[in-house]
Ligand SMILES: [Zn+2]
């Protein structure tokens, strides 16, 4: 799939990203008309060249580029098949500022294998659910998960809407056209975790956590509707922080859209749920815990390549089971045995956990088998050592990017080769290993 003009594309998300440079900071200034779905933007990317090159590429999908500047000077460009190419000689180490003026009608990015992701119109608002390939649907970017950057985002919308972005709100300002909402994201963030949420929301604060925890909900949802579901978030956050170390970001926001959504999705410091998840049943509560746990597993510590998605989803699924036990719904061991039995009834021969292929990267078996592998490791290590190893993993790679090999190396360093080796059949073979049970059982 790789050609000379597309250096270092991830085979799971081909034709995205450019490994020859990195972005240090995105400054996005956006104007959005909800009615008519019209976006006008100016993006300034502070970039650093990693390898000598004759051009660099940005990803931008479905929006028209009007003008590009490099270090303040107009720059010629071509924009085809969602790739914006700038031809210019680039020495390794050079820092440059790329400014792009663009406009159009944003729409999700579609791929046969990965489905639709990105900017999506709701009945009366917008969500951005970009994992894994949707970021170019709203801003020009170097769309690779291993290129994290900080962000300044200012977004203007008509009055009457609330805007949430993966970052801290700095303030709002009224203009003749509406309201400008300004956000800063100071923790490095990969492109796919950047989000914009626009709707007629009100904010409900959930007290009791070490950082602000809030839910943005439409008027049809009463605060009392969140009892036993979203109002558990401070308790969940404190529980995961006790196990795995401090919550990585400065706040956590759950956005509930009035529209029903098929699945919830994590962004940095924020998760999005459809109104169908406002429910006290376990199916909803487990997903509220799951999305929150992604702030540690996936958002602070992020995969370098999509093939390592089990490092996000296996741990997030395991966190569901941990919360099941903590909240008295079930025990981890009971969940392990239930899901092992369910998995055993499914075909395994097409799935290798450490490289499931892009068609299966979000297959439920990746989540469940990943969580079972985590449990097998825990039983081998014992609770104390397991928690210490996961904590040090998260601490050492806070705001960084990782791979399966790095995780195995970390386990081997901390607990010996045997501990790392026991993960091999889970990660690299197709046959399902026997169900992990405590030695005394
Ligand atoms: Zn997940």
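Divide the volume of the convex hull around the Cα atoms of the range 1-149 by the residue count and you get 103 Å³ per residue.
For the chain, the longest principal axis of the C-alpha atoms and the axis of helix 310-326 are separated by about 50°.
By the Kirkwood approach, averaging reciprocal distances over each pair of separate Cα atoms, the range 97-151 gets a hydrodynamic radius of 12.4 Å.
Can you sort 141, 47 by how many other beta carbons sit within 10 Å, fewest first?
With the fewest neighbours first, 141, 47 line up as 47, 141.
In the Gaussian network model of the chain, springs joining C-alpha atoms below 10 Å, which of 362, 244, 273 carries the largest mean-square fluctuation? Among 362, 244, 273, the largest mean-square fluctuation in the Gaussian network model of the chain belongs to 362. Relative to the longest principal axis of the Cα atoms of the chain, helix 404-415 runs at roughly 40 degrees.
For the range 171-249, the ratio of Cα radius of gyration to the globular rule of thumb 2.2 N^0.38 Å stands at 1.34.
Going by C-beta contacts inside 10 Å, put 179, 68, 336 in order with the fewest on the left. List each step's numbers first, then the result.
Values: 179 17, 68 20, 336 23.
Fewest to most other Cβ atoms nearby, the residues stand as 179, 68, 336.
Between the Cα long axis of helix 282-293 and the first principal axis of the chain there is an angle of about 60°, rounded to the nearest 10. Taking 0.36 nm per residue of sequence separation and removing the Cα-Cα distance, the residue 220/residue 250 pair yields an extension gain of 8.0 nm.
Of 406, 109, 361, which has the largest mean-square fluctuation in a 10 Å C-alpha GNM of the chain? Highest fluctuation among the options: 406. Helical content alone sets the calculated 222 nm signal of the chain at -7500 deg cm²/dmol, taking -39,500 (n - 2.57) per DSSP H segment of four or more residues and averaging over every residue.
In this structure, residue 440 and residue 325 have a Cβ-Cβ separation that, at R0 = 25 Å, corresponds to a calculated FRET efficiency of about 0.90.
When the P(r) of the range 337-441 is calculated, the portion above 18 Å amounts to 50% of the C-alpha pairs. Label-to-label distance for residue 38 and residue 176 is 1.5 nm, based on points extended 7 Å past Cα in the beta-carbon direction. The modelled label-to-label distance between residue 202 and residue 46, using points 7 Å beyond Cα along the C-beta direction, is 4.0 nm.
When the chain is fully extended, how far beyond the present Cα-Cα distance does residue 69 get from residue 27, taking 0.36 nm per residue of separation?
Working: separation 42, 0.36 × 42 = 15.12 nm, distance 1.40 nm.
The span from residue 69 to residue 27 would gain 13.7 nm if fully extended.
With kT/(6 pi eta Rh) evaluated at 25 °C and eta = 0.890 mPa s, and Rh the Kirkwood radius from Cα pairs, the chain diffuses with a coefficient of 109 µm²/s according to Stokes-Einstein.
Per the Debye calculation on the range 148-212 with a single equal scatterer at every Cα and no solvent contribution, log₁₀ I(q)/I(0) for q = 0.14, 0.18, 0.24 Å⁻¹ amounts to -0.47, -0.75, -1.09. Among 19, 347, 241, the residue with the largest mean-square fluctuation in a Gaussian network model of the chain, with springs joining Cα atoms closer than 10 Å, is 347.
Full extension of the segment from residue 263 to residue 350, taken as 0.36 nm per residue of separation minus the current Cα-Cα distance, would add 28.9 nm.
Rule-based calculations on the coordinates, nothing more; no lab input. What you see is a predicted model; the values in this text were computed from it and never measured. Cβ: placed from backbone, ideal geometry, glycine included. Neighbour counts: every protein chain shown.
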